[in-house]
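Everything below concerns the one structure shown next.
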Amino acid sequence: MKRIYLLGSLNCDLSIRAPYLPERGETLKGSDFMINAGGKGANQACACAKLGGKIRMAGAVGKDSFGDMLLASLKSAGADISTVRRTERNTGVAVITVVDGDNRIILDEGANGEVTEADALALLDGAQAGDIFVTQLENPFPVVLNALKLARERGLFTVFNPAPAKAEAREAVKYSDLITPNRKELRLLSGKEGLDEGCEELLALGAGCVIVTLGEKGSLVYKRGVRLEVPCVSAGEAIDTTGAGDTFCGALCVRLAEGAELAEAARFASVCAGIAVTRRGAQIAIPTREEADRFL
Ligand code: ATP
C-alpha cells in the first residue's frame with residue numbers, strides 16, 4: 001500500500017446553540033455547548049487513519065489544551081503526527097453559533113497560519129514516487145501551492161481539496177492530479193456555471209481529473225473520456241453533514257493508495273461519507289474500515 005502525506009489545518013470547534021443572535025451588549029442563554037476536534041486537514045487525516053491508510057500529517061497547533069486534544073484525537077485514530085509542530089500561537093479555533101440549524105462561524109486560524117515550506121519539506125522526507133499527497137486551503141496559500149508543486153516534482157499523486165473556496169487557488173489547479181471541489185468551489189475556480197463546463201475548465205487549466213462532490217446528490221467523476229455520476233449512499237437518516245466532504249476526501253485517498261481506480265475509490269468514499277452523516281460531529285462520526293467494509 002502507498003503512503004499518504006497530508007498538509008493541512010487543525011482546529012478546535014466550539015459550538016453553542018442559541019434561540020436567536022444576541023444584540024450588541026446582550027448576554028443570551030444558550031445550550032448544547034460542544035468542543036470538537038476539527039479543521040479540514042485533521043478531519044481528512046483522521047478519516048485516512050480510521051479507514052486503514054498509512055498517513056502522516058504536517059500542520060501546527062498551539063501549546064494549549066486544544067492542541068493536546070487535537071493531537072490525541074489523531075494519535076488514537078492511528079495517524080503519524082510527528083510532523084505536526086507546536087507553536088507559540090494559539091491552536092486554530094472555530095467559534096460556531098447555531099441558530100435554527102444554521103451555523104454562524106468565526107475562525108481564528110492561530111497556529112494554522114504559521115505553517116511554512118519547511119513543514120512541507122519535513123512532511124515529504126522519505127516519500128516515494130507514487131505515494132499520495134493531499135492538501136486543502138486552510139494554511140497560507142503560498143505554502144499550499146509550493147507543497148503541491150514539490151510533491152508533484154517528487155512524483156507523488158497530488159490530491160487537492162480546494163476548500164474553503166478561494167479564487168486565488170486557480171493557480172494550484174495545474175499541480176493537481178486530482179481536484180475535489182464541491183459545487184460552489186467548482187464555480188469559483190472555473191468561473192463556469194455548468195457542472196460539465198466547470199470540470200472541462202479545470203481539465204483545461206491542467207488538472208489530471210476532477211471529482212465534484214454534490215452533497216446528497218452524490219458526486220461526479222470527470223476526466224478525459226470519462227463522465228461518471230456516483231450516487232450518494234444512504235446508511236440511515238442524515239442528521240449532521242459536518243465533515244462529510246472531509247470523510248469523502250480521506251476515504252478517496254485511502255482507496256487510491258490501495259491501488260483502486262478512481263470510480264471505485266469514489267464509490268467507497270460515498271459509503272464512508274454516507275455513514276458519517278448519520279452521526280453527530282466530525283472526526284467522531286467517521287466510520288472505521290471495519291464499519292465501512294461491513295456496510296459494503
Ligand atoms: P463539508 O464542507 O460540509 O464537509 P462538502 O461541501 O465538501 O461538505 P458535500 O458535497 O456536501 O461536501 O458532501 C460530500 C459527500 O458526502 C457527497 O458527495 C456524498 O457522497 C456525501 N453526502 C453528503 N450529504 C449526504 C447525505 N445527506 N446523505 C448521504 N451522503 C451524503
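The table below gives the values:
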quantity	calculated
Estimated FRET transfer efficiency (Lys75, Arg187; beta-carbon r; R0 45 Å; 0.05)	0.75
Nearest-20 debye value, region 196-250 charge dipole, Cβ charges on Lys, Arg, Asp, Glu	280 debye
Cα-based convex hull, region 247-296, per residue volume (Å³, whole number)	63 Å³
Unit Cα scatterers, Debye sum, region 19-66: log10 I(q)/I(0) for q = 0.30 Å⁻¹	-1.15
Top of Glu193, Glu138, Glu201 by mean-square fluctuation, Gaussian network on the chain, Cα under 10 Å	Glu193
Computed E for Phe141/Lys63 - FRET, C-beta separation, R0 30 angstrom, nearest 0.05	0.75
Percentage of interatomic Cα-Cα distances in region 145-206 larger than 15 Å	43 percent
Most mobile listed residue (Tyr20, Tyr175, Tyr222) in the chain, GNM with C-alpha springs under 10 Å	Tyr20
Computed over the chain: relative contact order in percent, which uses C-alpha pairs under 8 Å that are six or more apart	17 percent
Spread of Cα-to-Cα distances over 10 Å intervals beginning at zero, given as percent, for region 195-296	16, 47, 28, 9
Pair Lys166, Ile239: separation of 7 Å Cα→Cβ label points (nm)	3.5 nm
Stokes-Einstein D for region 4-94, Kirkwood Rh over Cα pairs, 20 °C, 1.002 mPa s (µm²/s)	152 µm²/s
Over the chain: helical MRE at 222 nm, DSSP H runs n ≥ 4 each giving -39500 (n - 2.57), nearest 500	-10000 deg cm²/dmol
Inverse of mean 1/r across different Cα pairs in the chain, Kirkwood, Å	19.1 Å
Inter-label distance, nm, simple model (7 Å from Cα along the C-beta direction), Asp108/Phe295	3.5 nm
Heavy-atom accessible area per residue - the chain, 1.4 Å, Å²	44 Å²
Total formal charge among the other residues, if their Cβ is under 12 angstrom from that of Gly110, Lys/Arg +1 and Asp/Glu -1	-3
Selected from Ala273, Ala207, Ala58 as most flexible by GNM, with the chain as the system and alpha-carbon contacts under 10 Å	Ala207
Long-range lysine pairs (8 or more apart or interchain), the chain, Cα under 19 Å	20
Carbon and sulfur %, accessible surface of the chain computed with the full protein complex present, 1.4 Å	50 percent
Förster radius 35 Å - calculated FRET efficiency between Arg154 and Ala204 (Cβ-Cβ, nearest 0.05)	0.90
Spacing of the two label points (7 Å from each Cα toward its C-beta) at Ala122 and Leu228, in nm	3.8 nm
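The values are calculated or read from the model by the stated rules, or taken from the named source; none is laboratory data. Everything numeric here is computed off the predicted structure, so don't read it as measured data. Virtual Cβ from ideal backbone geometry, glycine too; neighbours counted across all protein chains shown. With ligands, DNA and RNA removed, areas are computed over all heavy atoms of the protein, side chains included. Shrake-Rupley method; radii C 1.70, N 1.55, O 1.52, S 1.80 Å.
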